[in-house]
Amino acid sequence: MTRRIVIGTAALSMAVSLAACGKAGDDAESGSGGDSKTIGLLLPENKTTRYETFDRPIMEAKIKELCDDCEVKYNNAAQDTETQKKQFDALVTQGVKVIILDSVDYKATKSWVQQAEKKGVKVVAYDRLAEGPISAYVSYDNEKIGRLQGEGLVKALGAQAKESNVVMINGSPTDPNAPLFKKGAHSVLDTQVKKVVYEQDIPDWSSDEANKKMGAAIDSLGKSGFRGVYSANDGMAGGIITALAKQGVKVPVGGQDAELAGLQRILKGDQSFTIYKQIKPEAETTAEVAVRLLKGEKIDDLTPVKVDSLTGEFKGIPAKLYDAQVVTKENIASTIIADKVYRTTDICTAEYKAACEAAGIK
(Lines give C-alpha, C1' and ligand atoms only; values in the text may rest on other atoms or scores of the structure.)
Protein backbone atom coordinates (compact mmCIF):
# COMPACT_ATOMS: atom_id res chain seq x y z
CA MET A 1 0.00 0.00 0.00
CA THR A 2 2.81 2.39 0.88
CA ARG A 3 4.44 1.77 -2.49
CA ARG A 4 1.21 2.50 -4.38
CA ILE A 5 0.73 5.77 -2.52
CA VAL A 6 4.29 6.92 -3.22
CA ILE A 7 4.03 6.07 -6.90
CA GLY A 8 0.70 7.85 -7.12
CA THR A 9 2.15 10.97 -5.52
CA ALA A 10 5.12 10.94 -7.90
CA ALA A 11 2.81 10.56 -10.87
CA LEU A 12 0.68 13.46 -9.66
CA SER A 13 3.78 15.62 -9.15
CA MET A 14 4.97 14.81 -12.66
CA ALA A 15 1.55 15.63 -14.07
CA VAL A 16 1.49 18.96 -12.26
CA SER A 17 5.03 19.70 -13.46
CA LEU A 18 4.23 18.84 -17.06
CA ALA A 19 1.09 20.95 -16.93
CA ALA A 20 3.11 23.84 -15.53
CA CYS A 21 5.69 23.42 -18.31
CA GLY A 22 2.97 23.60 -20.92
CA LYS A 23 1.49 26.72 -19.39
CA ALA A 24 4.86 28.45 -19.25
CA GLY A 25 5.47 27.62 -22.89
CA ASP A 26 2.07 28.96 -23.92
CA ASP A 27 2.64 32.20 -22.01
CA ALA A 28 6.07 32.66 -23.55
CA GLU A 29 4.69 32.28 -27.06
CA SER A 30 1.84 34.71 -26.47
CA GLY A 31 4.08 37.20 -24.65
CA SER A 32 1.52 37.50 -21.87
CA GLY A 33 1.98 37.41 -18.12
CA GLY A 34 4.73 38.72 -15.91
CA ASP A 35 4.81 42.04 -14.09
CA SER A 36 6.09 43.59 -10.88
CA LYS A 37 3.91 41.20 -8.87
CA THR A 38 5.24 37.95 -10.36
CA ILE A 39 7.96 35.70 -8.93
CA GLY A 40 9.36 32.81 -10.94
CA LEU A 41 10.12 29.53 -9.16
CA LEU A 42 12.25 26.94 -10.96
CA LEU A 43 13.01 23.63 -9.23
CA PRO A 44 15.41 21.05 -10.68
CA GLU A 45 13.77 17.64 -10.46
CA ASN A 46 10.97 15.52 -9.06
CA LYS A 47 12.82 12.27 -8.33
CA THR A 48 13.64 13.55 -4.86
CA THR A 49 10.35 13.76 -2.99
CA ARG A 50 11.19 16.95 -1.08
CA TYR A 51 10.73 19.43 -3.93
CA GLU A 52 7.07 18.86 -4.74
CA THR A 53 6.10 17.77 -1.22
CA PHE A 54 7.80 20.53 0.77
CA ASP A 55 9.87 23.19 -1.03
CA ARG A 56 7.32 24.32 -3.58
CA PRO A 57 4.19 24.50 -1.37
CA ILE A 58 6.10 26.14 1.51
CA MET A 59 7.54 28.86 -0.74
CA GLU A 60 4.25 29.48 -2.53
CA ALA A 61 2.41 29.79 0.78
CA LYS A 62 5.00 32.18 2.26
CA ILE A 63 5.02 34.39 -0.84
CA LYS A 64 1.22 34.60 -0.69
CA GLU A 65 1.39 35.45 3.02
CA LEU A 66 3.88 38.28 2.43
CA CYS A 67 2.35 39.56 -0.81
CA ASP A 68 -1.28 38.53 -1.25
CA ASP A 69 -1.50 39.92 -4.79
CA CYS A 70 1.75 38.30 -5.95
CA GLU A 71 1.71 35.44 -8.44
CA VAL A 72 4.15 32.53 -8.57
CA LYS A 73 5.02 31.09 -11.97
CA TYR A 74 6.30 27.58 -11.26
CA ASN A 75 8.16 24.99 -13.32
CA ASN A 76 10.09 21.80 -12.61
CA ALA A 77 12.89 20.88 -15.03
CA ALA A 78 12.68 17.11 -14.40
CA GLN A 79 16.51 16.99 -14.27
CA ASP A 80 16.96 18.43 -17.78
CA THR A 81 19.24 21.46 -18.19
CA GLU A 82 17.88 22.52 -21.58
CA THR A 83 14.33 22.34 -20.26
CA GLN A 84 15.29 24.58 -17.35
CA LYS A 85 16.98 27.07 -19.67
CA LYS A 86 13.76 27.35 -21.71
CA GLN A 87 11.77 27.81 -18.50
CA PHE A 88 14.18 30.50 -17.28
CA ASP A 89 14.21 32.33 -20.63
CA ALA A 90 10.40 32.21 -20.77
CA LEU A 91 10.15 33.94 -17.38
CA VAL A 92 12.54 36.67 -18.49
CA THR A 93 10.60 37.13 -21.75
CA GLN A 94 7.36 37.41 -19.78
CA GLY A 95 8.80 40.28 -17.76
CA VAL A 96 9.25 38.45 -14.44
CA LYS A 97 11.62 40.54 -12.31
CA VAL A 98 12.60 37.99 -9.63
CA ILE A 99 13.39 34.33 -10.26
CA ILE A 100 14.07 31.71 -7.57
CA LEU A 101 16.40 29.21 -9.25
CA ASP A 102 17.39 25.76 -8.01
CA SER A 103 19.64 24.77 -10.89
CA VAL A 104 19.95 21.41 -12.62
CA ASP A 105 23.49 22.22 -13.76
CA TYR A 106 25.07 25.12 -11.90
CA LYS A 107 27.78 25.69 -14.53
CA ALA A 108 25.21 26.17 -17.29
CA THR A 109 23.45 29.07 -15.58
CA LYS A 110 26.17 31.70 -15.95
CA SER A 111 25.02 33.12 -19.28
CA TRP A 112 21.35 32.90 -18.31
CA VAL A 113 21.84 34.93 -15.15
CA GLN A 114 24.08 37.44 -16.92
CA GLN A 115 21.45 38.05 -19.61
CA ALA A 116 18.73 38.31 -16.98
CA GLU A 117 20.75 40.88 -15.01
CA LYS A 118 21.00 43.08 -18.11
CA LYS A 119 17.19 43.15 -18.18
CA GLY A 120 16.90 44.04 -14.50
CA VAL A 121 15.94 40.53 -13.37
CA LYS A 122 17.17 39.46 -9.93
CA VAL A 123 17.97 35.77 -9.40
CA VAL A 124 17.87 34.08 -6.00
CA ALA A 125 19.83 30.82 -5.93
CA TYR A 126 17.92 28.30 -3.84
CA ASP A 127 19.56 25.26 -2.23
CA ARG A 128 22.21 25.06 -5.00
CA LEU A 129 24.52 27.98 -5.75
CA ALA A 130 24.27 28.77 -9.46
CA GLU A 131 26.98 30.54 -11.46
CA GLY A 132 26.42 34.14 -12.47
CA PRO A 133 25.69 37.51 -10.83
CA ILE A 134 23.25 36.06 -8.27
CA SER A 135 21.37 38.55 -6.07
CA ALA A 136 21.12 36.17 -3.09
CA TYR A 137 21.70 32.55 -2.07
CA VAL A 138 19.83 30.51 0.55
CA SER A 139 20.97 27.00 1.41
CA TYR A 140 22.86 24.99 4.01
CA ASP A 141 26.50 24.75 5.00
CA ASN A 142 26.96 21.89 2.56
CA GLU A 143 30.56 21.07 3.39
CA LYS A 144 29.51 20.76 7.02
CA ILE A 145 26.72 18.41 5.96
CA GLY A 146 29.37 16.24 4.29
CA ARG A 147 31.32 16.20 7.55
CA LEU A 148 28.17 15.17 9.41
CA GLN A 149 27.69 12.33 6.93
CA GLY A 150 31.26 11.18 7.40
CA GLU A 151 30.94 11.36 11.18
CA GLY A 152 27.65 9.46 11.02
CA LEU A 153 29.29 6.63 9.11
CA VAL A 154 32.29 6.53 11.44
CA LYS A 155 29.95 6.32 14.44
CA ALA A 156 27.96 3.54 12.77
CA LEU A 157 31.18 1.58 12.16
CA GLY A 158 32.05 1.95 15.84
CA ALA A 159 35.25 0.41 17.17
CA GLN A 160 35.95 -1.10 13.73
CA ALA A 161 36.15 2.27 11.98
CA LYS A 162 39.95 2.58 11.88
CA GLU A 163 40.26 -0.87 10.29
CA SER A 164 37.35 -0.43 7.87
CA ASN A 165 37.45 0.07 4.12
CA VAL A 166 34.47 2.04 2.84
CA VAL A 167 32.69 2.71 -0.45
CA MET A 168 31.63 6.24 -1.45
CA ILE A 169 28.65 6.81 -3.74
CA ASN A 170 28.55 10.57 -4.37
CA GLY A 171 25.92 12.85 -5.87
CA SER A 172 25.51 14.35 -9.32
CA PRO A 173 28.52 16.17 -10.80
CA THR A 174 26.20 18.91 -12.12
CA ASP A 175 24.91 19.71 -8.62
CA PRO A 176 27.23 22.25 -6.93
CA ASN A 177 26.37 20.83 -3.51
CA ALA A 178 27.64 17.34 -4.40
CA PRO A 179 31.38 18.21 -4.42
CA LEU A 180 30.90 20.05 -1.11
CA PHE A 181 29.24 17.01 0.47
CA LYS A 182 32.07 14.88 -0.91
CA LYS A 183 34.78 17.25 0.34
CA GLY A 184 33.28 17.37 3.82
CA ALA A 185 32.87 13.60 3.99
CA HIS A 186 36.43 13.00 2.78
CA SER A 187 37.77 15.35 5.47
CA VAL A 188 36.42 12.88 8.04
CA LEU A 189 36.72 9.52 6.32
CA ASP A 190 40.28 10.04 5.04
CA THR A 191 41.53 10.25 8.62
CA GLN A 192 39.09 8.05 10.53
CA VAL A 193 38.65 4.92 8.39
CA LYS A 194 41.25 2.65 6.83
CA LYS A 195 40.63 3.58 3.19
CA VAL A 196 38.03 4.64 0.63
CA VAL A 197 38.41 1.66 -1.71
CA TYR A 198 35.74 2.46 -4.31
CA GLU A 199 34.21 5.82 -5.24
CA GLN A 200 31.76 6.94 -7.91
CA ASP A 201 29.80 10.11 -8.73
CA ILE A 202 26.23 9.37 -9.83
CA PRO A 203 24.64 11.47 -12.60
CA ASP A 204 21.19 12.87 -11.76
CA TRP A 205 21.31 11.33 -8.24
CA SER A 206 19.91 8.18 -9.87
CA SER A 207 19.04 5.41 -7.43
CA ASP A 208 19.14 2.91 -10.30
CA GLU A 209 22.68 3.96 -11.23
CA ALA A 210 23.72 3.87 -7.54
CA ASN A 211 22.36 0.33 -7.42
CA LYS A 212 24.46 -0.65 -10.45
CA LYS A 213 27.63 0.97 -9.07
CA MET A 214 27.16 -0.75 -5.71
CA GLY A 215 26.80 -4.05 -7.52
CA ALA A 216 30.01 -3.31 -9.42
CA ALA A 217 31.77 -2.46 -6.15
CA ILE A 218 30.77 -5.79 -4.62
CA ASP A 219 31.97 -7.62 -7.74
CA SER A 220 35.28 -5.75 -7.60
CA LEU A 221 35.96 -5.83 -3.86
CA GLY A 222 34.20 -8.99 -2.80
CA LYS A 223 31.49 -9.23 -0.15
CA SER A 224 33.99 -8.73 2.68
CA GLY A 225 36.10 -6.08 0.94
CA PHE A 226 34.36 -3.15 2.67
CA ARG A 227 32.54 -2.48 5.92
CA GLY A 228 30.46 0.61 5.21
CA VAL A 229 28.94 2.74 2.45
CA TYR A 230 28.68 6.52 2.21
CA SER A 231 25.64 7.50 0.15
CA ALA A 232 25.19 11.19 -0.65
CA ASN A 233 21.40 11.02 -0.28
CA ASP A 234 18.54 8.76 0.78
CA GLY A 235 17.26 8.07 -2.73
CA MET A 236 20.57 6.52 -3.76
CA ALA A 237 20.85 4.77 -0.39
CA GLY A 238 17.70 2.85 -1.32
CA GLY A 239 19.33 1.56 -4.51
CA ILE A 240 22.55 0.77 -2.67
CA ILE A 241 20.79 -1.18 0.07
CA THR A 242 18.88 -3.20 -2.52
CA ALA A 243 22.17 -4.15 -4.21
CA LEU A 244 23.72 -5.11 -0.87
CA ALA A 245 20.71 -7.22 0.11
CA LYS A 246 20.78 -9.03 -3.23
CA GLN A 247 24.33 -10.19 -2.44
CA GLY A 248 23.57 -10.91 1.22
CA VAL A 249 25.80 -8.08 2.48
CA LYS A 250 24.87 -6.13 5.61
CA VAL A 251 26.96 -3.02 6.40
CA PRO A 252 26.21 0.52 7.66
CA VAL A 253 24.84 2.85 4.98
CA GLY A 254 24.25 6.58 5.47
CA GLY A 255 22.12 9.04 3.53
CA GLN A 256 20.68 12.55 3.45
CA ASP A 257 17.35 14.42 3.14
CA ALA A 258 15.31 12.54 5.76
CA GLU A 259 13.04 11.09 3.08
CA LEU A 260 10.14 9.00 4.31
CA ALA A 261 11.50 5.78 2.78
CA GLY A 262 14.92 6.51 4.29
CA LEU A 263 13.43 7.01 7.75
CA GLN A 264 11.56 3.73 7.44
CA ARG A 265 14.76 1.94 6.40
CA ILE A 266 16.49 3.43 9.45
CA LEU A 267 13.77 2.11 11.75
CA LYS A 268 13.96 -1.30 10.09
CA GLY A 269 17.75 -1.35 10.52
CA ASP A 270 18.65 -1.32 6.81
CA GLN A 271 20.00 2.26 6.83
CA SER A 272 22.10 3.69 9.66
CA PHE A 273 21.32 7.41 9.49
CA THR A 274 20.18 10.31 7.38
CA ILE A 275 20.80 14.06 7.47
CA TYR A 276 17.84 16.21 8.45
CA LYS A 277 17.78 19.63 6.85
CA GLN A 278 14.91 21.81 8.00
CA ILE A 279 13.34 22.76 4.68
CA LYS A 280 10.74 25.17 6.07
CA PRO A 281 13.13 27.92 7.27
CA GLU A 282 15.20 27.59 4.09
CA ALA A 283 12.15 27.84 1.85
CA GLU A 284 10.47 30.61 3.84
CA THR A 285 13.64 32.73 3.97
CA THR A 286 13.99 32.34 0.21
CA ALA A 287 10.39 33.44 -0.29
CA GLU A 288 10.93 36.51 1.90
CA VAL A 289 14.14 37.42 0.07
CA ALA A 290 12.31 37.16 -3.26
CA VAL A 291 9.41 39.32 -2.12
CA ARG A 292 11.73 41.99 -0.74
CA LEU A 293 13.76 42.06 -3.96
CA LEU A 294 10.51 42.38 -5.91
CA LYS A 295 9.56 45.39 -3.75
CA GLY A 296 13.05 46.92 -3.95
CA GLU A 297 13.69 46.43 -0.23
CA LYS A 298 16.94 45.53 1.52
CA ILE A 299 17.73 41.90 2.39
CA ASP A 300 20.83 42.40 4.58
CA ASP A 301 19.21 41.02 7.74
CA LEU A 302 18.07 37.90 5.88
CA THR A 303 21.45 37.23 4.23
CA PRO A 304 24.10 37.82 6.93
CA VAL A 305 27.06 36.08 5.22
CA LYS A 306 28.86 36.45 1.89
CA VAL A 307 29.88 33.57 -0.36
CA ASP A 308 31.73 33.23 -3.66
CA SER A 309 30.59 31.10 -6.60
CA LEU A 310 32.25 27.71 -6.95
CA THR A 311 34.43 28.97 -9.80
CA GLY A 312 35.41 32.01 -7.73
CA GLU A 313 34.37 34.35 -10.55
CA PHE A 314 31.42 35.86 -8.69
CA LYS A 315 32.24 37.09 -5.20
CA GLY A 316 30.43 38.46 -2.19
CA ILE A 317 27.01 36.95 -2.88
CA PRO A 318 24.63 37.74 0.03
CA ALA A 319 23.71 34.43 1.64
CA LYS A 320 21.97 32.59 4.45
CA LEU A 321 23.32 29.13 5.29
CA TYR A 322 21.39 26.86 7.65
CA ASP A 323 22.72 24.00 9.76
CA ALA A 324 21.61 20.36 9.64
CA GLN A 325 21.81 17.33 11.94
CA VAL A 326 22.28 13.58 11.89
CA VAL A 327 19.11 11.56 12.44
CA THR A 328 19.13 7.95 13.63
CA LYS A 329 16.33 5.77 14.99
CA GLU A 330 17.08 7.19 18.44
CA ASN A 331 16.07 10.76 17.56
CA ILE A 332 13.48 10.47 14.77
CA ALA A 333 10.75 11.27 17.29
CA SER A 334 12.50 14.36 18.69
CA THR A 335 13.37 15.77 15.26
CA ILE A 336 11.28 14.65 12.30
CA ILE A 337 8.04 13.98 14.16
CA ALA A 338 8.45 16.85 16.64
CA ASP A 339 8.96 19.28 13.74
CA LYS A 340 5.89 17.82 11.96
CA VAL A 341 7.83 16.91 8.83
CA TYR A 342 6.04 13.57 8.89
CA ARG A 343 3.42 12.27 11.28
CA THR A 344 3.81 9.05 13.20
CA THR A 345 1.07 7.56 11.02
CA ASP A 346 3.05 8.44 7.87
CA ILE A 347 6.15 6.62 9.10
CA CYS A 348 4.69 3.82 11.15
CA THR A 349 2.61 2.00 8.55
CA ALA A 350 1.72 -1.65 9.11
CA GLU A 351 5.06 -2.87 7.75
CA TYR A 352 7.01 -0.67 10.18
CA LYS A 353 4.73 -0.75 13.22
CA ALA A 354 6.92 -3.16 15.21
CA ALA A 355 10.07 -1.23 14.33
CA CYS A 356 8.46 2.01 15.47
CA GLU A 357 7.38 0.49 18.75
CA ALA A 358 10.89 -0.85 19.30
CA ALA A 359 12.24 2.67 18.75
CA GLY A 360 9.71 4.12 21.21
CA ILE A 361 7.66 5.81 18.45
CA LYS A 362 3.95 5.44 19.11
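Of all residues in region 38-55, those that are open to solvent by less than 10 Å² (accessible area, probe 1.4 Å) and modelled with pLDDT of 95 or more have Cβ atoms under 9 Å from Cβ atoms of residues that are part of a strand (DSSP E or B) and acidic (Asp, Glu), 6 or more apart or on another chain, in Thr38/Glu71; Ile39/Glu71.
Looking at Lys144, Lys155, which one is farther than 25 Å from Lys107 by Cβ and either assigned to a loop (DSSP other than H, G, I, E, B) or in contact with a helix residue (DSSP H, G or I) (Cβ under 9 Å, 6 or more places away or on another chain) (or both)? Working first, answer last.
Working: Lys144 fails: farther than 25 Å from Lys107 by Cβ.
Matching residue, one of Lys144, Lys155: Lys155.
Being assigned to a helix (DSSP H, G or I), buried (at least 18 other Cβ atoms within 10 Å of the Cβ) and in contact with a Leu (Cβ under 9 Å, 6 or more places away or on another chain), is that true of even one residue in region 158-171? Talk me through it step by step, then tell me what you get.
Applying the first criterion (assigned to a helix (DSSP H, G or I)) to region 158-171 yields 158-163.
With buried (at least 18 other Cβ atoms within 10 Å of the Cβ) added as a condition, the list becomes 161.
Then drop every residue that is not in contact with a Leu (Cβ under 9 Å, 6 or more places away or on another chain), which leaves 161.
Within region 158-171 (the criterion being assigned to a helix (DSSP H, G or I), buried (at least 18 other Cβ atoms within 10 Å of the Cβ) and in contact with a Leu (Cβ under 9 Å, 6 or more places away or on another chain)), the answer is yes, since at least one residue qualifies.
Only residues that are out of contact with any Gly (no Cβ under 6 Å at 6 or more places or on another chain) and assigned to a helix (DSSP H, G or I) were counted across region 184-197, and they come to 5. In the set (1) of a type in the set (Val, Ile, Thr); (2) surrounded by 23 or more Cβ atoms within 10 Å (Cβ to Cβ); (3) more than 24 Å from Asp270 (Cβ to Cβ); (4) free of Cβ contacts under 8 Å to residues at least 40 places away in the same chain, Val138 fails one condition alone, (4).
Is there a residue being at pLDDT 95 or above, open to solvent by 60 Å² or more (accessible area, probe 1.4 Å) and of a type outside the set (Lys, Arg) anywhere in region 225-241? Walk me through how you get there before you give the answer.
Step one: list which residues in region 225-241 are at pLDDT 95 or above, which gives 225-241.
If we keep only those that are open to solvent by 60 Å² or more (accessible area, probe 1.4 Å) as well, we get 227.
Right, trim to of a type outside the set (Lys, Arg) and you get none.
For region 225-241, residues at pLDDT 95 or above, open to solvent by 60 Å² or more (accessible area, probe 1.4 Å) and of a type outside the set (Lys, Arg): absent.
Residues in region 74-81 include at least one that is closer than 28 Å to Tyr342 by Cβ, open to solvent by 10 Å² or more (accessible area, probe 1.4 Å), touching a helix residue (DSSP H, G or I) at 6+ places or on another chain (Cβ under 8 Å) and touching a residue at least 60 places away in the same chain (Cβ under 8 Å). Cβ-Cβ under 9 Å, sequence separation 6+ or interchain: first residue in region 303-315 and closer than 20 Å to Glu282 by Cα, partner open to solvent by 90 Å² or more (accessible area, probe 1.4 Å) and not hydrophobic (A, V, I, L, M, F, W, C). Which pairs? As it stands, the answer is Lys306/Lys315; Val307/Lys315; Asp308/Lys315; Ser309/Lys315, since those pairs meet every condition given. Just to be sure before I move on: is Asp89 in contact (Cβ under 8 Å) with a residue 40 or more places away in the chain, more than 22 Å from the chain's Cα centre (by Cα) and open to solvent by 20 Å² or more (accessible area, probe 1.4 Å) in the structure I sent? Yes: the conditions hold for Asp89.
Without any contact (Cβ under 8 Å) to a residue 60 or more places away in the chain, of a type in the set (Gly, Ala, Ser), open to solvent by less than 20 Å² (accessible area, probe 1.4 Å) and in a helix (DSSP H, G or I): is that true of Ala116 in this structure? Before you say what the answer is, go through the steps one by one.
Working: without any contact (Cβ under 8 Å) to a residue 60 or more places away in the chain: yes; of a type in the set (Gly, Ala, Ser): yes; open to solvent by less than 20 Å² (accessible area, probe 1.4 Å): yes; in a helix (DSSP H, G or I): yes.
Yes: the conditions hold for Ala116.
The values are calculated or read from the model by the stated rules, or taken from the named source; none is laboratory data. As the structure is a computational prediction, the values presented were derived from the model and not from experiment. Note: ideal-geometry Cβ built from the backbone for every residue, glycine included; neighbour counts use all protein chains shown. Heavy atoms of the whole protein, side chains included, go into the accessibility calculation; ligands, DNA and RNA do not. Shrake-Rupley method; radii C 1.70, N 1.55, O 1.52, S 1.80 Å.
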